[in-house]
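Undergrad: First the structure, then my questions, so here it is.
The values are calculated or read from the model by the stated rules, or taken from the named source; none is laboratory data. Everything quoted here is computed from the prediction, not taken from an experiment. For neighbour counting, all protein chains shown are included, and Cβ atoms are generated from backbone atoms with ideal geometry for every residue, glycine included. Note: accessible area is taken over every heavy atom of the protein model, side chains too, but ligands, DNA and RNA are not part of it. Shrake-Rupley method; radii C 1.70, N 1.55, O 1.52, S 1.80 Å.
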Amino acid sequence: MALELVFQIEGGDFSNAGKASSQIKKVLKQLNIDTRIIKRVVVAVYEAEVNVAAHAHRGQVKALFGETEVEIVVTDQGPGIENIEQAMQPGYSTASKEVREMGFGAGMGLSNIAKNTDNLHIESEVGKGTILTFRCNYS
């Protein structure tokens, strides 16, 4: 089994942030994955979607469902992350005032992704964008 889903995200489009996580949740339910694992995956994907909407011009979420795990790759065209270690600290945020006023940008995105996944890898180039790759095991 190898199923792949791809979703596009536009920067600033918070009303559509959550569509990828919602569709991924449906697939995981159809695969009879444990609800605790589904919750972890959905939280991680949603956080990543919001990060793209808040910080990037556009991005993509790709989900690859395998036999024992789901792999999510989130790529964006945005400002990149200057200091990944700092960005991983709970509460650290570079979100704009407008994003914060909408209730986003609390600085919990990357740390929540790390907390809810079994493996997280971040590549980022300032001025170009960021690639998040994370996995959640089913077994």
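Undergrad: Checking the structure you have, find out if any residue of the stretch 54-64 is farther than 22 Å from S124 by Cα and open to solvent by less than 60 Å² (accessible area, probe 1.4 Å).
TA: Initially, the stretch 54-64 is screened for residues farther than 22 Å from S124 by Cα, giving none.
No, the stretch 54-64 contains no residue that is farther than 22 Å from S124 by Cα and open to solvent by less than 60 Å² (accessible area, probe 1.4 Å).
Undergrad: Among the residues of the stretch 77-98 satisfying the criterion of being among the charged types (D, E, K, R) and under 14 Å from I122 (Cα atoms), which is least open to solvent (accessible area, probe 1.4 Å)? Break it down into steps so the answer makes sense when it comes.
TA: Residues of the stretch 77-98 that are among the charged types (D, E, K, R), as a first pass: 82, 85, 97-98.
Still in the running and under 14 Å from I122 (Cα atoms): 82, 85.
Working: E82: 169, E85: 142 Å².
Checked the stretch 77-98; the qualifying residue least open to solvent (accessible area, probe 1.4 Å) is E85.
Undergrad: Moving on. Within the stretch 13-26, how many residues are more than 14 Å from the chain's Cα centre (by Cα) and either modelled with pLDDT under 95 or crowded, with 16+ Cβ neighbours inside 10 Å (or both)?
TA: Narrowing the stretch 13-26 to residues more than 14 Å from the chain's Cα centre (by Cα): 13, 15, 26.
After this cut, where a residue has to be either modelled with pLDDT under 95 or crowded, with 16+ Cβ neighbours inside 10 Å (or both) as well, the list is 15.
Of the residues in the stretch 13-26, 1 are more than 14 Å from the chain's Cα centre (by Cα) and either modelled with pLDDT under 95 or crowded, with 16+ Cβ neighbours inside 10 Å (or both).
Undergrad: Restricting to the stretch 14-28, give me the number of residues that are of a type in the set (G, A, S) and not in a loop (DSSP other than H, G, I, E, B).
TA: Start the filter on the stretch 14-28 by keeping residues that are of a type in the set (G, A, S), which leaves 15, 17-18, 20-22.
Remaining after also requiring not in a loop (DSSP other than H, G, I, E, B): 20-22.
Number of matching residues: 3.
Undergrad: For the stretch 2-12, which positions are open to solvent by 30 Å² or more (accessible area, probe 1.4 Å), of a type in the set (A, V, I, L, M) and either in a helix (DSSP H, G or I) or closer than 23 Å to Q77 by Cβ (or both)? If you could, list the steps in order and put the result at the bottom.
TA: To start, the set of residues in the stretch 2-12 that are open to solvent by 30 Å² or more (accessible area, probe 1.4 Å) comprises 2-8, 10-12.
Still in the running and of a type in the set (A, V, I, L, M): 2-3, 5-6.
Across the stretch 2-12, the qualifying residues are L5, V6.
Undergrad: Cβ-Cβ under 8 Å, sequence separation 6+ or interchain: first residue in the stretch 72-85 and within 15 Å of E47 (Cβ to Cβ), partner among the acidic types (D, E) and crowded, with 22+ Cβ neighbours inside 10 Å. Which pairs?
TA: Pairs found: V74/E49.
Undergrad: Quick check, is F134 touching a Leu at 6+ places or on another chain (Cβ under 6 Å), in contact (Cβ under 8 Å) with a residue 60 or more places away in the chain and either buried (at least 18 other Cβ atoms within 10 Å of the Cβ) or closer than 29 Å to E67 by Cβ (or both)? Give the steps one after another, and end with the answer.
TA: Values: touching a Leu at 6+ places or on another chain (Cβ under 6 Å): yes; in contact (Cβ under 8 Å) with a residue 60 or more places away in the chain: yes; either buried (at least 18 other Cβ atoms within 10 Å of the Cβ) or closer than 29 Å to E67 by Cβ (or both): yes.
For F134, the condition - touching a Leu at 6+ places or on another chain (Cβ under 6 Å), in contact (Cβ under 8 Å) with a residue 60 or more places away in the chain and either buried (at least 18 other Cβ atoms within 10 Å of the Cβ) or closer than 29 Å to E67 by Cβ (or both) - is met.
Undergrad: Between S93, S111, S124, which is of a type in the set (S, T, N, Q) and in contact (Cβ under 8 Å) with a residue 40 or more places away in the chain?
TA: On the way: S93 fails: in contact (Cβ under 8 Å) with a residue 40 or more places away in the chain; S111 fails: in contact (Cβ under 8 Å) with a residue 40 or more places away in the chain.
Unique residue meeting the criteria: S124.
Undergrad: Let me ask something else about it. Determine, yes or no, whether V99 is out of contact with any Pro (no Cβ under 8 Å at 6 or more places or on another chain), under 20 Å from R135 (Cα atoms) and not hydroxyl-bearing (S, T, Y). Please lay out each step first, then the result.
TA: Details: out of contact with any Pro (no Cβ under 8 Å at 6 or more places or on another chain): yes; under 20 Å from R135 (Cα atoms): no; not hydroxyl-bearing (S, T, Y): yes.
Here the answer is no, as V99 does not meet what is asked.
Undergrad: Does V70 qualify as being assigned to a strand (DSSP E or B), open to solvent by less than 20 Å² (accessible area, probe 1.4 Å) and out of contact with any Ser or Thr (no Cβ under 7 Å at 6 or more places or on another chain)?
TA: Values: assigned to a strand (DSSP E or B): yes; open to solvent by less than 20 Å² (accessible area, probe 1.4 Å): yes; out of contact with any Ser or Thr (no Cβ under 7 Å at 6 or more places or on another chain): yes.
Yes: the conditions hold for V70.
Undergrad: Which one is most open to solvent (accessible area, probe 1.4 Å) among residues in the stretch 27-50 that are closer than 20 Å to M88 by Cβ and in contact with a strand residue (DSSP E or B) (Cβ under 8 Å, 6 or more places away or on another chain)?
TA: Out of the qualifying residues, it is R40.
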